[in-house]
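Take a look at the structure below.
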Amino acid sequence: MAGRRRSAWLAQALILTAVLALAVLLATTTAGHLQERGIRSGFDFLLEPAGFALGESLLSFGPGDTTLRAFVAGLLNTLRVALPAAALALLIGIAAGFGRLADNPLLRGLATAFVTSVRNLPLLLHLLAWYFILTDLLPPGDAPFSPLPGVFLSKSGLALPWWGEGGFEIPQPAGFGLEGGANLTPEYLALLVGLSVYSAAYIAETLRGAVLALPPGQRLSALALGMTSRQTFLLVLLPQAWRAALPPVTSQLLNLLKNASLAVAIGYPDLVSVAGTSLNQTGRAIECLSIVVAVYLALSLIAAAISHRLEARLFRERGE
């Protein structure tokens, strides 16, 4: 047994050494070709002025700020839309999964139609459709639609009550737009809704499959105790099915994070959009792309580690 373990470690060490040697060879060869053609290379451009602005950003950013700050702003924009979209996708997915298993034929039919229609359309088409709805079909900014007090929806986006410099602010019509509170742009809303709805359809099917894999006696016992269908799903079936559904749901949420890179199609300044603009400004294609790859790889590894911890915790709680 010890000999096999040493052989396995040796094989892994040799593979890792070969991969690193190949990476060094590729980097050296690429650097040589760039030098022969007089093309600048390196990451020094990150400390130079970016020379462009961002349409929206959580981090204050201007053309005179460094390119590194632009990448940080793009990453924050990506997380700003991906994290809320993941939470919404889980909520909508659980609701749609429950609807797919409901006894009510109308609810079951609506949930089935939702899942089927969403899954059979490309994500890019979803994003463009939502962007068209928000920018073309809604009223103009000077005559917004108000579904709730203090909430306004128009071509300019969604205005919400929020904390400002002078405390809690409620948006108020002023001139050709709104003042006060927080404003979510049409680009942000289209990406948020598109990612949430698209991922929710797959999460719903994953949860439905995990619930159907449980012994039928679980549901019948809960109903015999007087629980409603909703209580049975949320309190009995879903907690048991969640352990089997966690890995594929995590993979779908990872796909949501990576699919946020389609933001460039509707003009939202995410990490990929910033990288593309920086590439055009500096010509450092390899460097810009490598930054994007490294960031998405790091985010994926972090999400996988969190998923592994949650899965291990579920096993410990069940004594397995």
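The values are calculated or read from the model by the stated rules, or taken from the named source; none is laboratory data. Computed from a predicted structure; not experimentally measured. With ideal geometry, Cβ positions are generated from the backbone for all residues, glycine too; neighbour counts draw on all protein chains shown. These area figures cover heavy atoms from the full protein model, side chains too; ligands, DNA and RNA do not enter into them. Shrake-Rupley method; radii C 1.70, N 1.55, O 1.52, S 1.80 Å.
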The one condition Ala294 fails out of (1) over 26 Å from Ile94 (Cβ atoms); (2) exposed (fewer than 15 other Cβ atoms within 10 Å of the Cβ); (3) at pLDDT below 85 is (3)
Go over the candidates Leu158, Leu214, Leu191 one by one and state the one that is open to solvent by less than 40 Å² (accessible area, probe 1.4 Å), touching a residue at least 12 places away in the same chain (Cβ under 8 Å) and part of a strand (DSSP E or B). Leu158
Criterion: in contact (Cβ under 8 Å) with a residue 12 or more places away in the chain and assigned to a loop (DSSP other than H, G, I, E, B) - qualifying residue of Tyr296, Tyr268: Tyr268
Name the one entry in Asp65, Asp136 that is open to solvent by 60 Å² or more (accessible area, probe 1.4 Å) and over 23 Å from Gln252 (Cα atoms). Asp136
Across region 49-79, which residue is farthest from Ala182 (Cα to Cα) among those that are within 23 Å of the chain's Cα centre (by Cα) and of a type in the set (S, T, N, Q)? Thr78
Among the residues listed as Gly164, Gly175, Gly181, the single one being farther than 30 Å from Pro122 by Cα, open to solvent by 50 Å² or more (accessible area, probe 1.4 Å) and of a type outside the set (S, T, N, Q): Gly175
I'm trying to understand the selection: among the residues of region 140-153, which are open to solvent by 40 Å² or more (accessible area, probe 1.4 Å) and part of a loop (DSSP other than H, G, I, E, B)? Pro140, Asp142, Ala143, Pro149
For the condition part of a helix (DSSP H, G or I), open to solvent by less than 40 Å² (accessible area, probe 1.4 Å) and out of contact with any helix residue (DSSP H, G or I) (no Cβ under 9 Å at 6 or more places or on another chain), what is the one hit in Ala241, Ala312, Ala303? Ala312
